[in-house]
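Remarks on the structure that follows.
The values are calculated or read from the model by the stated rules, or taken from the named source; none is laboratory data. Since we're looking at a predicted model, the values are computed, not measured. Counting neighbours? That spans all protein chains shown, and the Cβs are built from the backbone with ideal geometry, glycine included. Keep in mind that these areas ignore ligands, DNA and RNA; they rest on the heavy atoms of the full protein, side chains included. Shrake-Rupley method; radii C 1.70, N 1.55, O 1.52, S 1.80 Å.
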Amino acid sequence: MQNFAFFTLHSIRKFIIYIYNSKFRMVHYGFMPTMLQGPEYNCSSVMPPGPAWAAQYGVKQYRFGIYSVVFGFIAEILYLPCVLALRRELKTSCFKIMYWLAIQDMICLTCSCILFGVLLIEGAVYCSHRVLSFITGSVSYWIWCTASPCCVVLALNRLCEMINLSRFFSATRTNVYLGICASYGTFMVLFTRPALGVNSSLQAIIFSPLIPGHDQEEYANWPHAVHNIAVAAASSMIYVTLIVVIVIKSRSVVTSTNGSGASKTINKMLVQVMLICAPNMIASTFYVYANFFSMPLAFLLAGSMAFQFVHGLPPFVYLAINSSIRTFALRACRLEKLLTNNTKVTQVGASHGTG
């Protein structure tokens, strides 16, 4: 615990020094395709793009690569019945947001797990697999910048529902919120530093192609860093407020005749919030730091796994905790015998976290 505290304080100190360092160059917004034509992305300045880059700068990561592919396929398969179940409830703002997030998660799992794992097995770096690495990184970056504000919207939806302010989430307003999130994510991808995909030696998706002769600070993406900090801070405040509201309401509910059942539902809600929120917080923190400073490989690996959990954990949580989705999934797979006697549909709040 003391080592972790020391590492955190040391990281904050380095971050502040970095901001005020005279060598720091502020990253301006620009059109992403134009940025890619700059000398800092020119692989040929060192040697022609191709397998030679992987042989010299990459490392074949079989264990994490195979794990990523397998985890991605399992999550995709489990997500399919969840998406179909959520699609039936699009009239409800909460389920509409969850459905939109589920679609994004399934797209991101293809890139951040399956393609990412394949590239790790190949020992890829940006200059060895430019097209596939660019697709993997760009799609993952777009989903992250689109889904994470959507998750904040979902948290606000749950909070407004509990304090009787659901009028702020009418069908039209919910569509507007989702449209703003999608537009924002598209803007971030097209007009900030690109995420160039996989670096097998670091086992992570990063912004820097790590071309010799260029400093990492040339690829610093400050809008992305601000995004992560803002999303993490907003999510934390909303979830803390949500938990406080749940605890306050539970005290009055538990004393009623249906107190036991209500208490059980509240406990499920709290567990679901913690399971979804933790990977998001870890991934946000690690990727903000990793894009500006060097980190131990073990920390980078933890950050990559947390990013995968952000998009791959929800189907497990849905099937384990949300009885309506679990019931639909079992019936879709013709496994009705596994259903328990209690099939009451329960809408569990805060069913998704930030990305």
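At-a-glance table
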item	result
Selection status of A306, open to solvent by less than 10 Å² (accessible area, probe 1.4 Å) and either of a type in the set (A, V, I, L, M) or modelled with pLDDT under 70 (or both)	yes
Qualifying helices (runs of 4 or more DSSP H) (wholly inside the range 45-142; at least 1 residues being of a type in the set (S, T, Y))	51-57, 62-87, 93-109
In the range 78-107, the residues that are loosely packed, with under 15 Cβ neighbours inside 10 Å and modelled with pLDDT of 95 or more	none
So V118, is it over 28 Å from V240 (Cα atoms) and either without any contact (Cβ under 8 Å) to a residue 12 or more places away in the chain or not small (G, A, S) (or both)	yes
Residue that is most open to solvent (accessible area, probe 1.4 Å) [pool: residues in the range 172-225 that are touching a Ser or Thr at 6+ places or on another chain (Cβ under 9 Å) and of a type in the set (V, I, T)]	T186
Index of the failed condition, S294 passing every other in (1) buried (at least 16 other Cβ atoms within 10 Å of the Cβ); (2) modelled with pLDDT under 75	(1)
Sole exception among (1) modelled with pLDDT of 85 or more; (2) over 22 Å from A298 (Cβ atoms); (3) among the hydroxyl-bearing types (S, T, Y) for S22, by number	(1)
Index of the failed condition, R251 passing every other in (1) open to solvent by 70 Å² or more (accessible area, probe 1.4 Å); (2) modelled with pLDDT of 85 or more	(2)
